[in-house]
Amino acid sequence: MIIRKLTILSAIISLFTVSAATAGTLDTVKGQGFFNCGVSQGVPGFSNPDSDGNWSGIDVDVCRAVSAAIFGTPDNVKYVPLTAKERFTALQSGEIDVLSRNTTWTLSRDAQIGLEFAGVNFYDGQGFMVRSDSGITSAMELDGASVCTNLGTTTELNMADFFRANGMSYEPVVFEKADEVVNAYDEGRCDTYTTDKSGLAAQRTKLADPDAHVVLPETISKEPLGPVVREGDGDWADIVRWSLNAMIEAEEFGLDKGSASSTCATTGNPVVARLCGKEGGNGAALNLGDSWSFDIISQVGNYGDIYEANVGASTPVGLARAGSPNASYKNGGVLYAPPAR
Amino acid sequence: MQDRNLSLSNILFNRSIQGIFYQIVTLGLVILAIIYIVDNTARNMVARGLASGFHFLGVEAQFDIQMTLIEYSPTSTYFDSFIVGLLNTLLVAGLGIFVATIVGFAVGIARLSPNWLIAKLAEAYIEILRNIPLLLQIFFWYFAVLRALPKPKQSLEFADSFFLNNRGLFIPDPVFGEGGVLILYSFIAAILISIGIAVWSKQRQNKTGQTFPVFYSSIGLLISFVFLSMLATGFPVTFDYPELKGFNFKGGIKLIPELVALTFALSMYTASFIAEVVRAGIQAVSLGQTEAARSLGLNPNQILRLVIIPQALRVIVPPLTNQYLNLTKNSSLAAAIAYPDLVLVFAGTALMQTGQAIEIIGMVMGVYLFLSLMTSIIMNLFNRFMRVAER
Ligand SMILES: N[C@@H](CCC(=O)N[C@@H](CS)C(=O)NCC(=O)O)C(=O)O
């Protein structure tokens, strides 16, 4: 009896010992042949499963780019759908290796919660959606409104700031899951639904009658959304950061998914040659193969490719890029990647 | 044990000394394990850049909460948000237990009704509600309630002072003016006097066998005391009526649909279990008891009140306690439908904003443990009280 108790006890102790030792994420990932990427439970254009369970979206393409960089194929990713509330715990506990799920980069998340942001793949801001027949045309008319939103988001804090700053009252109705927010708003529980404007555009497609709603013009916050990794593994953070940067720089230098192979074969431009993996030894610096960035561009695409395919003006989400912060810095946007050299 | 020599081998092979030795070793190992886990966790947290400690409780929370029983604003602290969540949990658990007990007893007794239809209806209720997952029931009631109710502008209204719409139920809020405390005092006095009467009548009944209508006289006392004190102070109660302003009603007391749906779902679900507990309790009292009571000349009402219920309660109370505990713990499903309970507010928003999962989850677990222990203690006391009646 006692012997058995002791065995159980020592088993438990060894459990904690094992989990205390941390191997580098890249080695673990290479060893198991795939990595786990945390995504949303379904935000069209950002991370959304189709009926066969295949994920797509601009956030998903960040995961695919990392997979292409490491494995030479974009498909060695296991997607883990997470609510806003679950996402950071999932990353901290090691359940996922990258979180790519419309997550805003803030000071407290960066400095206090043990996260490391690897960059920004979508510049956004928070907005409000209302029913068109409500006659509301400005967020400043929302005094006394019931506001539906998601638990555990920057949205919750921004709306508190916004109503406080403007001396208005409101009733926050906060749900854990995004689908319940959409349902409750659709059923008339709230006068307005607030989240990132990209989220509004995406979730709107889930409403019973999408055309009966309008997004108000005000943008009440800055929401730089990007991929996140655990703090304390700089090598892994570098891989995610530069996978994203490579896509942005590739667009800047005219290297896109369709023409990557032919351009790389003939290029005389040293920047392009580095992105093609023909010069410079970037791969070795990241502990990856030389073709890491070429694999990303030729199999996933450059930033412009993934933007237009997932959230661009011609998609159901329909977010025009021109004139938005997501345009390249050369076209008046703020999209700017440090040089991949 | 014949041999009382304290030789070494005797000590080594003495069963009870061996027992103590192993217990000390086990305890030591458990303590070591705990120290190890705590130390290891702390190290891991530092390595991963996680904040730790409880000083976040004094920092401004910066978020709003839909329903607060105490004063609360975004400049209140995380500790305040903890209290808000805790009170909201207590409120929904208290309301749920109250309603579930009434419905559960009614259905449980109906289940034993000689009337076939009533008994079958009660059985159907129990079987259906017990077998559908609670979360589904919560969603069902929430969205059913929302869909059935009109928008604020088309509110259902009653006497120009009660309003019902998909933002909640709005009722007038009594405001006590000068002399209002007197009404409260006379209310308390009436209750104290009623208790006195009950004690006196019990003693008199023990001595002389005469009974006194305690229940009706207490009701009479209560009503007349409150009425007289109101008359004396000139009705100092005014009402703050809800009024439609902009999007919604302002003023009065507001019951949000999340609270209504959650209370309803929790109490209907738990009532189906309580009904079975009650049925089992009543059936545990043998038929001979009823027959004996009848032959003593007690009427059916007295038989139920003095013979069956006291004996049935002894069987009912322990499992009933379990149901109360279940209801309290199940109330943590609130987050699904936006009812701002402890889990949604503190283990949800506050946890996400501070990242201090270990501290916050620890506090929340502590609360549920405390609530469970308190419920058990109260119900055990009640049980002991019931047992005194045993002769
Ligand atoms: N960017 C904000 C909000 C992110 C967020 O969770 N948005 C909601 C509304 S679009 C969402 O993604 N829900 C999808 C889901 O829960 O699956 C943050 O990082 O806190």
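The values are calculated or read from the model by the stated rules, or taken from the named source; none is laboratory data. Note that the structure is a prediction, hence the values are computed from the model and not measured. In this analysis, Cβ positions are derived from the backbone assuming ideal geometry, glycine residues included, and neighbour counts consider all displayed protein chains.
List of remarks:
- Taken together, the residues in the stretch A:210-256 that are hydrophobic (A, V, I, L, M, F, W, C), more than 30 Å from A:Ser132 (Cβ to Cβ) and either more than 16 Å from the ligand (Cβ to nearest atom) or without any contact (Cβ under 8 Å) to a residue 12 or more places away in the chain (or both) amount to 12.
- Total residues in the stretch A:87-112, condition facing another protein chain (nearest Cβ under 10 Å) and near the ligand (Cβ under 9 Å from one of its atoms): 3
- Residue in the stretch A:138-147 that is within 12 Å of the ligand (Cβ to nearest atom), of a type in the set (Ser, Thr, Tyr) and surrounded by fewer than 17 Cβ atoms within 10 Å (Cβ to Cβ) present: no
- Some residue of the stretch B:12-20 being within 11 Å of chain A (Cβ to nearest Cβ) and either at negative phi or of a type in the set (S, T, N, Q) (or both): yes
- Flag for A:Asp97 being at pLDDT below 95, touching a strand residue (DSSP E or B) at 6+ places or on another chain (Cβ under 7 Å) and assigned by TED's automatic domain parsing to the domain that holds A:Val29: no
- Residues in the stretch A:152-182 that are among the aliphatic types (A, V, I, L, M), crowded, with 24+ Cβ neighbours inside 10 Å and at the interface with chain B (Cβ under 7 Å from one of its Cβ atoms) were compared, and the one that is nearest to the chain's Cα centre (by Cα) is A:Val174.
- Here A:Phe128, A:Phe46 are screened, and the one residue that is aromatic (Phe, Trp, Tyr), buried (at least 24 other Cβ atoms within 10 Å of the Cβ), away from the ligand (no atom under 12 Å from the Cβ) and under 30 Å from A:Ala212 (Cα atoms) is A:Phe128.
- Some residue of the stretch A:318-332 being within 14 Å of another protein chain (Cβ to nearest Cβ) and within 30 Å of A:Arg109 (Cα to Cα): no
- Qualifying positions in the stretch B:321-346 - within 25 Å of B:His55 (Cα to Cα) and at the interface with another protein chain (Cβ under 9 Å from one of its Cβ atoms): B:Pro340, B:Leu344, B:Val345
- For the stretch A:49-62, the candidate set comprises residues that are more than 15 Å from the ligand (Cβ to nearest atom) and free of Cβ contacts under 8 Å to residues at least 40 places away in the same chain; within that set, the residue that is nearest to A:Ser100 (Cα to Cα) is A:Asn54.
- Restricted to the stretch A:183-209, and to residues there that are among the hydrophobic types (A, V, I, L, M, F, W, C) and either within 14 Å of chain B (Cβ to nearest Cβ) or part of a strand (DSSP E or B) (or both), the residue that is farthest from the ligand (Cβ to nearest atom) is A:Ala208.
- Of all the residues in the stretch B:106-118, those that are under 18 Å from B:Ile316 (Cα atoms) and either buried (at least 18 other Cβ atoms within 10 Å of the Cβ) or modelled with pLDDT of 95 or more (or both) number 4.
- Single residue of A:Trp236, A:Trp292, A:Trp242 found to be modelled with pLDDT of 95 or more and within 14 Å of another protein chain (Cβ to nearest Cβ): A:Trp236
- Qualifying helices (runs of 4 or more DSSP H) (wholly inside the stretch A:212-318; at least 1 residues being in contact with a Pro (Cβ under 8 Å, 6 or more places away or on another chain)): A:234-252, A:270-275, A:292-299
- The listed residue being buried (at least 18 other Cβ atoms within 10 Å of the Cβ) and assigned to a strand (DSSP E or B), out of B:Phe264, B:Phe249, B:Phe273: B:Phe249
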